[in-house]
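Participant: Attaching a single structure in structure tokens format; questions to follow.
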Amino acid sequence: MKKQIVLCDDHVLFLEGLEKLIGTESNYEVVAAYSNHSTCIEYIKNSPPDIFICDLNLEKKDGFEIMQELKPNLEKTLKIILTAYNEDFLVEKARKLGVNCFMLKSASREELFGIFERKPSDAFYTNVCSSVKKDFTQHDLDFKQKFKLSIKEIEIIKLVSKGKTSQEIGDRLFLSRFTIETHRRNIGKKLGISGITSLIQFANENNLLD
């Protein structure tokens, strides 16, 4: 019998691509794919799947909140967070919440399908390395610590400062426009600034412009 899978990701192109990829394997079936969290939650409460794959940062509710709300319905479900975020504290939060796997969207096809064969009772799994291996300078990492910004947020600041729109940044980082806009709001709150001009000035004053 095919394992039934439900997907939730507000980046529609990624969602469609993942559904198509899973459809190439005869052992699995995507029974529902949602870009809207509320309809996804409603579906799962009535029909819990064998595997639930959820993005971390959605338009109005993050993947952790969704997993928490659905926890009573997902006791026998393999719960996977599939995200572009590689922060250690997020991995730990997923583990404590009872999520089974915290996966980066850069995972290979082989790794993804290998995860599908795991059981909810298996040990927690993640493919996030504890050390950052992206192409960031020591200045970026020091800046991250000073202002409590994530590496992803620093990357977005740089792209905004180059005049990129939220849609353009989302396309480049494989995230939805709504996710980028959420990041930008969070950045503004952390730094106590608002508006593109202030952000560009901040980036210039702190040597974040390439």
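The values are calculated or read from the model by the stated rules, or taken from the named source; none is laboratory data. Small disclaimer: the values here were computed from a predicted structure and weren't measured. Cβ: placed from backbone, ideal geometry, glycine included. Neighbour counts: every protein chain shown.
Participant: Can you tell me which residue in the range 79-93 is modelled with the highest pLDDT, limited to those that are within 11 Å of Phe124 (Cβ to Cβ) and charged (D, E, K, R)?
Facilitator: This residue is Lys79.
Participant: Follow-up. Which condition number in (1) more than 19 Å from Phe178 (Cα to Cα); (2) exposed (fewer than 14 other Cβ atoms within 10 Å of the Cβ); (3) without any contact (Cβ under 8 Å) to a residue 24 or more places away in the chain; (4) not hydroxyl-bearing (Ser, Thr, Tyr) is the one that Leu13 fails?
Facilitator: Condition (1) is where Leu13 drops out.
Participant: Pairs please, first residue from the range 86-99 and outside any helix (DSSP H, G or I), second anywhere and β-branched (Val, Ile, Thr), Cβ atoms under 7 Å, 6+ apart in sequence or on different chains.
Facilitator: Asn86/Val128; Val99/Ile81
Participant: So how many residues does the range 171-203 have that are surrounded by 15 or more Cβ atoms within 10 Å (Cβ to Cβ) and within 12 Å of Lys152 (Cβ to Cβ)?
Facilitator: Adding up the residues that qualify gives 9.
Participant: Could you tell me which residue of the range 50-73 is surrounded by the most Cβ atoms within 10 Å (Cβ to Cβ), considering only residues that are modelled with pLDDT of 90 or more, outside any helix (DSSP H, G or I) and out of contact with any helix residue (DSSP H, G or I) (no Cβ under 7 Å at 6 or more places or on another chain)?
Facilitator: The selected residue is Ile53.
Participant: Hey, another quick one. Tell me which residues, restricted to the range 7-35, are of a type outside the set (A, V, I, L, M, F, W, C) and either touching a helix residue (DSSP H, G or I) at 6+ places or on another chain (Cβ under 7 Å) or over 19 Å from Ile115 (Cα atoms) (or both).
Facilitator: Within the range 7-35, Asp9, Asp10, His11, Glu16, Glu25, Tyr28, Tyr34, Ser35 meet the criteria.
Participant: Same structure again: Just to verify a result, which residue in the range 138-179, among those that are of a type in the set (Lys, Arg) and not in a helix (DSSP H, G or I), is modelled with the highest pLDDT?
Facilitator: Top of the filtered list is Lys164.
Participant: Are any residues in the range 20-49 of a type in the set (Asp, Glu) and either modelled with pLDDT of 95 or more or part of a helix (DSSP H, G or I) (or both), and if so, which ones?
Facilitator: Result: Glu29, Glu42.
Participant: Something else: Does Ser131 satisfy the criteria of being modelled with pLDDT under 90 and in the same structural domain as Leu74 (by TED's automatic domain parsing)?
Facilitator: Here the answer is no, as Ser131 does not meet what is asked.
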